[in-house]
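Asker: One structure, pasted below without further comment.
The values are calculated or read from the model by the stated rules, or taken from the named source; none is laboratory data. Everything numeric here is computed off the predicted structure, so don't read it as measured data. Here the Cβ is made from the backbone with ideal geometry for all residues, glycine too, and neighbour counts use every protein chain on show.
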């Protein structure tokens, strides 16, 4: 799978997200306290945009009327019908064994790594003689 530069780290502050397009696919990139995660922007239920969803916490209840709230900002709720997905894994909260949003691998690289890359161009000495450019090959 090819790598694509989609944003500078500063463009996606902690707790925020950015919608990007890669090879015709809409992908939403989330920053969870400096850890970056990318999910397909399409909810598998009816196609709602997860980039427009609400980031929320994981809410669990063992008995009616008692709620435990954890993992603040690590769940995203589809804006259309409220289906919730774990940003870290793409798994659905209501049915994690069957439903999920496609997850993409995210890495953070220094600009120097991207510019220099693994490739080196062959170079030749060049000089100018009486208004002619001469390449030594």
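Asker: Please state which one of 50, 68 is surrounded by 13 or more Cβ atoms within 10 Å (Cβ to Cβ), out of contact with any helix residue (DSSP H, G or I) (no Cβ under 6 Å at 6 or more places or on another chain) and either free of Cβ contacts under 8 Å to residues at least 40 places away in the same chain or under 21 Å from residue 4 (Cβ atoms) (or both).
Answerer: Values: 68 fails: surrounded by 13 or more Cβ atoms within 10 Å (Cβ to Cβ).
Result of the check over 50, 68: 50.
Asker: Now, a different point. Output the number of the condition that residue 90 fails; it satisfies all remaining conditions of (1) at positive phi; (2) in contact (Cβ under 8 Å) with a residue 24 or more places away in the chain; (3) surrounded by fewer than 14 Cβ atoms within 10 Å (Cβ to Cβ).
Answerer: (3)
Asker: How many residues, within the range 1-25, are more than 10 Å from the chain's Cα centre (by Cα) and not in a loop (DSSP other than H, G, I, E, B)?
Answerer: The total comes to 6.
Asker: Any idea which residue in the range 67-103 is modelled with the highest pLDDT, counting only those that are out of contact with any strand residue (DSSP E or B) (no Cβ under 8 Å at 6 or more places or on another chain) and either more than 15 Å from residue 47 (Cα to Cα) or outside any loop (DSSP other than H, G, I, E, B) (or both)?
Answerer: Within the range 67-103, the subset out of contact with any strand residue (DSSP E or B) (no Cβ under 8 Å at 6 or more places or on another chain) is 80-82, 95, 97.
Now drop any that are not either more than 15 Å from residue 47 (Cα to Cα) or outside any loop (DSSP other than H, G, I, E, B) (or both), which leaves 95, 97.
Values: 95: 78, 97: 82.
Across the range 67-103, the extreme among qualifying residues is 97.
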